[in-house]
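Working notes, beginning with the structure itself.
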């Protein structure tokens, strides 16, 4: 039987970086990724008491995926316009730890752009497998599709990614 972190704080500490990494690959934007992580951790906090033992990581990635899709739906209902470049933005201090972590998870711009050009179901499968490191079974659980579909999406997603990078 899988042991799960008992508190929300432990989930945030143990899985926070992985959630951010997945969120960044889905959104392609650090600010959107941070917002998504906050939403995921709020949902985890609400749902942790009702969690039924099983694939904890599958449950966690399903929450992340659903929060991402909910945000896409919300934006499609209420489009936002970007802030003009002329507006001064508040400078924020960064710590060396954050810079090191960012460098660790940053793919080349060409790879990140190619990932964002993939259809969502293929991008999601490739990122969960190749970036997050989940098994095919964990991905199938997270996205609620058969394992054969996961294999197909990863294979086709990688092939599309290669084509976009050539």
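Every number in this text was worked out from the coordinates using simple rules, so none of it is lab data. These numbers come from a predicted model, not from an experiment. Every residue, glycine as well, gets a Cβ built from its backbone with ideal geometry; the counts of neighbours run over all protein chains shown.
Between residue 117 and residue 45, the simple label model (points 7 Å from Cα in the Cβ direction) yields a spacing of 4.0 nm. Working ranking of peptides 157-163, 47-53 by packing, defined as the average number of other Cβ atoms within 10 Å per residue, highest first, is 157-163, 47-53. Across the range 120-166, Cα-Cα distances exceeding 12 Å account for 55% of all pairs.
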